[in-house]
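Heads up: the structure comes next, in structure tokens.
The values are calculated or read from the model by the stated rules, or taken from the named source; none is laboratory data. Please read all numbers here as calculations on a predicted model, not as lab measurements. Note that we place each Cβ from the backbone using ideal geometry, even for glycine, and neighbour counts take in every protein chain shown. Surface areas here come from the heavy atoms of the whole protein model, side chains and all, with no ligands, DNA or RNA. Shrake-Rupley method; radii C 1.70, N 1.55, O 1.52, S 1.80 Å.
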2 protein chains.
Amino acid sequence: MDEEEARRRFSQARVARMATADVRGRPYVVPIVFAVDGEAIYSVVDAKPKRSLRLRRLANIEANPQVSLLVDQYDEDWGALWWARADGRARVVGTGPEYERAIALLRAKYPQYEVWAPIGPAIVVSVGAWRGWSAAVAPRRGPSA
Amino acid sequence: MDEEEARRRFSQARVARMATADVRGRPYVVPIVFAVDGEAIYSVVDAKPKRSLRLRRLANIEANPQVSLLVDQYDEDWGALWWARADGRARVVGTGPEYERAIALLRAKYPQYEVWAPIGPAIVVSVGAWRGWSAAVAPRRGPSA
């Protein structure tokens with residue numbers, strides 16, 4: 001799957017999983033809702049219930065900006081599997097025009113924000129590479145070839 | 001969600017996402033099929049097409065055994081969202097009784113292995129903590145409370 005197709009599939013998905021790591025290299029993965037605009041991915045801390053607004057994902061990003069985000073489709077027909085991944089660097093943005101832009105993009109994609117309002121900082125990912133894989137377009141290997 | 005419920009939901013899922021990190025703390029997230037047995041999670045490199053069998057996930061684990069694995073359910077009703085996460089340490093196992101056990105567990109869970117055969121090493125995760133969250137059981141915060 002080429003970079004443009006990976007970006008297209010990633011952008012259209014409703015949920016992604018974001019991996020961060022702390023300063024000791026300990027990875028941490030969470031599901032996120034998100035919006036893509038060009039080479040940026042936006043997400044925001046919203047009103048879905050949490051133990052605290054000082055989320056570990058934010059602390060990790062402030063200590064180590066490297067992130068990896070994944071969208072994937074599971075199917076019992078493994079010939080229909082695909083994934084798209086965005087690797088890049090993240091920043092935490094709490095106010096200002098970039099924050100407002102993140103909120104606007106997220107509200108446009110998810111009407112749910114009318115109920116589950118954004119109440120915390122945004123994460124802005126600058127994507128360095130889009131990658132994708134699809135069982136349907138990849139060269140076959142092994143007994144099913 | 002308590003630890004036992006997180007483990008139960010994780011175990012029953014068909015796909016998880018595994019985050020590893022390299023020696024420089026750069027995270028990397030991939031979808032995996034897996035089987036849970038007690039406090040261990042097994043996956044194996046199978047015949048689904050890949051660029052190489054020297055997968056980055058294996059190199060990362062050999063350099064840094066810390067891993068984080070996520071199962072989540074997305075729903076347009078955000079009140080139905082939940083996730084379950086397993087954090088632990090991973091090892092790469094290529095032969096022997098533990099490898100055979102991994103293959104047996106995976107074949108029992110996924111009939112697809114009859115076509116997409118295991119052809120590479122297994123990853124064995126020793127889970128240190130199961131954690132889970134559900135919008136339906138968590139305390140509400142924000143305007144929808």
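With axes computed from alpha carbons, what is the tilt in degrees of helix A:3-12 against the longest principal axis of chain A, rounded to the nearest 10 within 0 to 90?
Compared with the principal axis, the helix lies near 60 degrees.
Over 19 Å apart: what share of the alpha carbon pairs of chain A falls there, rounded to a whole percent?
Details: 5658 of 10440 pairs.
Above the 19 Å cut-off, chain A has 54 percent of its Cα pairs.
Between A:Ile32 and residues 5 or more places away or on another chain, which pairs have amide H atoms under 5 Å apart, with H built 1.01 Å from N, and which residues are they?
Those qualifying (amide H under 5 Å, at least 5 residues apart or on another chain) are A:Ala16, A:Arg17, A:Met18.
Which value, in Å² rounded to 10, gives the accessible area of A:Met1 with a 1.4 Å probe and all protein chains present?
Accessible area, nearest 10 Å²: 60 Å².
What does the copy distance list look like for B:Glu5, label position 7 Å along Cα→Cβ, in nm and ordered from shortest?
4.1
Net charge near B:Tyr110: determine it from the other residues with C-beta under 13 Å of the C-beta of B:Tyr110, scoring Lys and Arg +1 and Asp and Glu -1.
Working: positive: B:Arg14, B:Lys48, B:Arg107, B:Lys109; negative: A:Asp75, A:Glu76, A:Asp77, B:Asp46, B:Glu114.
Charge balance in the 13 Å sphere: -1.
As a test of the definition: with a 1.4 Å probe, what buried accessible area, both sides summed, do you compute for A against B, in Å² to the nearest 100?
Values: alone 8420 and 8430 Å², together 12280 Å².
Using a 1.4 Å probe, the pair buries roughly 4600 Å².
Which percent of Cα-Cα pairs in the range A:66-113 sits in each 5 Å bin, short to long?
Taking every Cα pair in the range A:66-113, the percentages come to 5, 16, 13, 16, 23, 12, 8, 5, 3, 0.
May I ask you to report, in nm to one decimal and beginning with the shortest, the distances from B:Arg56 to the same position in the other copies, taking label points 7 Å along Cα-to-Cβ?
Between copies, matching label points for B:Arg56 lie 2.2 nm apart.
Could you work out, residue by residue across A:112-121, how many beta carbons of other chains sit within 10 Å of that residue's beta carbon, and then give the average as an integer?
Working: counts 6, 1, 2, 5, 9, 3, 1, 3, 0, 0.
Per-residue shielding by partner chains comes out at 3.
Tell me, rounded to the nearest percent, the portion of alpha carbon pairs in the range A:62-145 spaced more than 21 Å apart. Kindly include the intermediate steps, with their values, before the conclusion.
Details: 1809 of 3486 pairs.
Tail fraction, whole percent: 52.
Which aspartates and glutamates have a Cα lying under 17 Å from the Cα of A:Lys48, excluding residues fewer than 8 positions away in the same chain?
A:Glu114, B:Asp72, B:Asp75, B:Glu76, B:Asp77
In Å, what Rg and Dmax follow from the Cα atoms of the range A:1-66?
In order Rg, Dmax, the Cα atoms of the range A:1-66 give 13.4, 39 Å.
Any chance you could check the Cα centroid distance between the range A:1-32 and the range A:75-134 for me, in angstrom?
Cα centroid of the range A:1-32 versus Cα centroid of the range A:75-134: 8 Å apart.
Across peptide A:85-96, what mean number of C-beta atoms from other chains lies inside 10 Å of a residue's C-beta? It would help to have the intermediate numbers written out before the result.
Working: counts 4, 1, 4, 0, 0, 0, 0, 0, 0, 0, 0, 0.
Mean partner shielding for this stretch: 1.
Using θ = phi - 60° and the Karplus form 6.51 cos²θ - 1.76 cosθ + 1.60, what ³J(HN,Hα) does each residue of the range A:86-92 get, whole Hz, x for Gly and Pro?
Rounded to whole hertz, the list is 10, 10, x, 10, 10, 10, 9.
Quick one: compute the contact order of chain A, relative version, from alpha carbon pairs under 8 angstrom and 6+ residues apart, as a percent. All intermediate terms of the calculation are to be shown ahead of the outcome.
Working: 276 pairs, mean separation 47.2, N = 145.
33 percent.
Please report, in debye to the nearest 20, how large the charge dipole of the protein assembly as shown is about its Cα centre when each Lys and Arg carries +1 at its beta carbon and each Asp and Glu carries -1 there.
On the way: 44 positive and 34 negative charges, 123 e Å.
Roughly 600 debye, rounded to the nearest 20.
Treating the Cα atoms of the protein assembly as shown as identical point scatterers in vacuum, please give the log10 of the normalised Debye intensity I(q)/I(0) at q = 0.13, 0.14 Å⁻¹, two decimals.
The Cα Debye sum returns log10 ratios of -0.89, -1.04.
If we sort B:121-130, A:56-65 on the protection proxy, mean other Cβ atoms within 10 Å, highest first, what's the order?
On the way: B:121-130: 19.6, A:56-65: 17.7.
Highest to lowest by the protection proxy: B:121-130, A:56-65.
In debye, nearest 20, what is the charge dipole magnitude of chain A about its Cα centre with +1 on Lys and Arg Cβ and -1 on Asp and Glu Cβ, if you could check?
Values: 22 positive and 17 negative charges, 115 e Å.
The calculated dipole for chain A is roughly 560 debye.
Mind checking which of B:Pro97, B:Gln12, B:Pro118 is farthest towards the positive end of the protein assembly as shown's charge dipole, using Cβ charges of +1 (Lys, Arg) and -1 (Asp, Glu) about the Cα centre?
Projecting each Cα onto the dipole axis, the largest value belongs to B:Pro97.
Using a label point 7 angstrom from Cα along Cα-to-C-beta, what distances in nm, from shortest up, separate B:Arg89 from the other copies?
3.2
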